[in-house]
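Working notes, beginning with the structure itself.
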Amino acid sequence: MAKPKVATASLAGCFGCHMSLLDIDDRILKLIDLVDFDKSPVDDIKEFTGPCRIGIIEGGCCNEENVRVLRDFRKHCDILIACGDCATMGGIPAMRNTIPLKECLDEAYLNGPTVYNPQKILPNDKELPLLLNRVYPCQEVVKIDYFLPGCPPSADTLWQALVALLGDKPVELPYELIKYD
Amino acid sequence: MSTTIKMTIDGKEIQAHPDQTILQAADAAGVYIPRLCNMKELIPHGSCRVCTVRCNGRPQAACIQPVADGMVVESNTPELTEHRRAIIDMLFVEGNHYCMFCEKSGNCELQAMAYRLGIATPRYPYQFPHRQVDATHPDVLIDRNRCILCGRCVSASRDVDGKSVFEFVGRNSHKRVAVNAESGLGATALTGADRAAGVCPVGSIIRKRTAYAQPIGQRKYDHQPIGSDIEAAGQK
């Protein structure tokens, strides 16, 4: 029987959650025995090759590209996990949510104390995904099945959740593995 | 006249003094009832409602309800736990709680309560309200993003320090903690040594230059859930 497939993505995140997944030490060899990776930065597969058992999403949605990827994950993954504080509550990127988008852009590209931008250009290339009005936690965009809080969730948290889900068991994390920092 | 009365909490028979509240009697008997606004040295005022129990079948805030002989109290039931979860969920989405960089993380009572209740993420949509930070005081700062309006600072400043530096203003979602000086906290009589500067259950009022003193793994709620001390005392 083919191994179940896992896909991962980093949206508006810092890749810290992916680093935490790599931090499972030698259990990474067991992980490779348990699953194949589909679309993921881990193997650099850019588009889904088919349906996946588990999708792991790091980061919330700050632009239209994030929304497209997240919806693509929901379409292809049986189980979708919001992994880390950015995915579950917006995280550091969501600090802009209390400030209008125009003010954020002006501060970053025009008014900031270290900005050098003599032509006063705001990034507007067609290749750049449009920013959303604010940063959205994943569950406000698609249905999310499991939440793993933490910044990042510890390697043990990720491992225990993955092993439980791959074994069709409920995710029951002990006290010390649910942390918000 | 007898100086003790008998009552039950979750079926456990305990003895209490007639002048105690349910919460005090439960603490003394080693039964932890979750709470946020309550603090031993302050006058209880029942604002957070996390300590709500069923008292002879009726919902009551355990921190303000006096005990009575033969009282039957239910606290650790699925219904009340769900009710507590809902309150904690709402507190998280109604403020801006960035635990990942908060100075109080690991020692925060709101965070610890969420951990104890096993909350992975709140069920409600985040509000992302616009809140003010006041860093005008040399030794203390207020970050209202983290405030849960428990009122501890208000009563500590009024009843312990005798200064009434803090007070609530506004209603509903506009309610916030104000200070009694127009230009901000720095112009009030508050000092860093005041009780009011040290009672905040979250990271809203914090003393400057005290942050991140304990490494991760050695903070108050890193290994033991909030309330474990009370429960451990009850098992002796």
Treating only Lys and Arg (+1) and Asp and Glu (-1) as charged, each at its beta carbon, one finds that the protein assembly as shown has a dipole about its Cα centre, in Debye to the nearest 20, of 840
Show me B:19-26, B:165-172, A:74-81, B:56-63 ranked by packing, highest mean number of other Cβ atoms within 10 Å first.
B:19-26, A:74-81, B:56-63, B:165-172
For A:ASN117 and A:GLU65, what does the FRET efficiency come to when R0 = 30 Å and r is the distance between their Cβ atoms, rounded to the nearest 0.05?
0.80
When the Karplus curve 6.51 cos²θ - 1.76 cosθ + 1.60 is applied with θ = phi - 60°, which whole-Hz ³J(HN,Hα) does each residue of region B:78-87 get, with x for Gly and Pro?
x, 5, 6, 5, 5, 4, 5, 4, 4, 5
Contact order normalised by residue count of chain B, Cα under 8 Å, 6+ apart, percent
20
Expressed in nanometres to one decimal, the distance between label points 7 Å along Cα→Cβ at B:ASP19 and B:ARG54 is 3.3
From the helices alone, meaning DSSP H stretches of at least four residues, give me the mean residue ellipticity at 222 nm for chain B, per-run term -39500 (n - 2.57), in deg cm²/dmol to the nearest 500.
-5000 deg cm²/dmol
Within 10 Å of each Cβ in A:114-122, how many Cβ atoms from other chains are there, averaged over the peptide?
0
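Using r as the Cβ-Cβ distance of A:GLU140 and A:ASP44, and R0 as 25 Å, what FRET efficiency do you calculate, to the nearest 0.05?
The formula returns an efficiency of 0.30 here.
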Listed here are the pairs A:LYS120/A:LYS143; B:LYS208/B:LYS236; A:LYS75/B:LYS104; B:LYS175/B:LYS208; A:LYS120/B:LYS175; A:LYS3/A:LYS75; which of them are more than 29 Å apart at the Cα?
A:LYS120/A:LYS143; B:LYS208/B:LYS236; A:LYS75/B:LYS104; A:LYS120/B:LYS175
Taking alpha-carbon centroids only, region B:178-236 lies from region A:85-155 a number of Å equal to 31
If we count every other residue with Cβ under 10 angstrom of B:VAL179's Cβ, Lys/Arg +1 and Asp/Glu -1, where does the sum land?
-3
For chain A, what does the alpha-carbon gyration tensor say about shape, rounded, prolate or oblate, given a ≥ b ≥ c as the root eigenvalues, a/c under 1.5 as rounded, and a/b over b/c as prolate?
prolate
Of A:LYS46/A:LYS179; A:LYS5/A:LYS169; A:LYS102/A:LYS126; A:LYS46/A:LYS126; A:LYS5/A:LYS126; A:LYS102/A:LYS179, which ones are farther than 23 Å apart at the Cα?
A:LYS46/A:LYS179; A:LYS5/A:LYS126; A:LYS102/A:LYS179
Helix A:64-76 axis, angle to chain A major axis (alpha carbon atoms, nearest 10°):
20
Report the relative contact order of region A:39-181, percent, no decimals, based on alpha-carbon pairs under 8 angstrom and at least 6 residues apart.
27
Kirkwood Rh (inverse of mean 1/r, distinct Cα pairs), region B:5-76, angstrom
11.8
Given Cα positions, please report Rg to Rh for region A:54-134, the hydrodynamic radius being the Kirkwood one.
1.07
I need to check one value: relative contact order of region B:85-207, counting alpha carbon pairs closer than 8 Å and at least 6 residues apart, in percent.
28
Would you please give the FRET efficiency between A:GLU172 and A:ASN124, computed as 1/(1 + (r/R0)^6) with r the Cβ-Cβ distance and R0 = 35 Å, to the nearest 0.05?
0.15
Pop out the Kirkwood hydrodynamic radius of chain B from its pairwise C-alpha distances, inverse of mean 1/r, in Å to one decimal.
18.9
Rh (Kirkwood, all Cα-Cα pairs) for region B:85-207, Å, reads 14.9
For n ≥ 4 DSSP H runs only, could you compute -39500 (n - 2.57) per run for chain A, divide by its residues and tell me the 222 nm figure to the nearest 500?
-8000 deg cm²/dmol
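Rounded, prolate or oblate for the protein assembly as shown? Axes are the square roots of the Cα gyration tensor eigenvalues, ordered a ≥ b ≥ c, and the cut-off for rounded is a/c under 1.5.
Oblate.
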Less than 14 Å Cβ to Cβ from B:SER204, Lys/Arg counted +1 and Asp/Glu -1: what total charge do the surrounding residues give?
+4
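Just so you know, all these numbers are worked out from the coordinates, no wet-lab data involved. Values in this document were obtained by computation on a predicted structure and should not be read as measured data. Here Cβ is always computed from backbone atoms with ideal geometry, including for glycine, and neighbour counts include all displayed protein chains.
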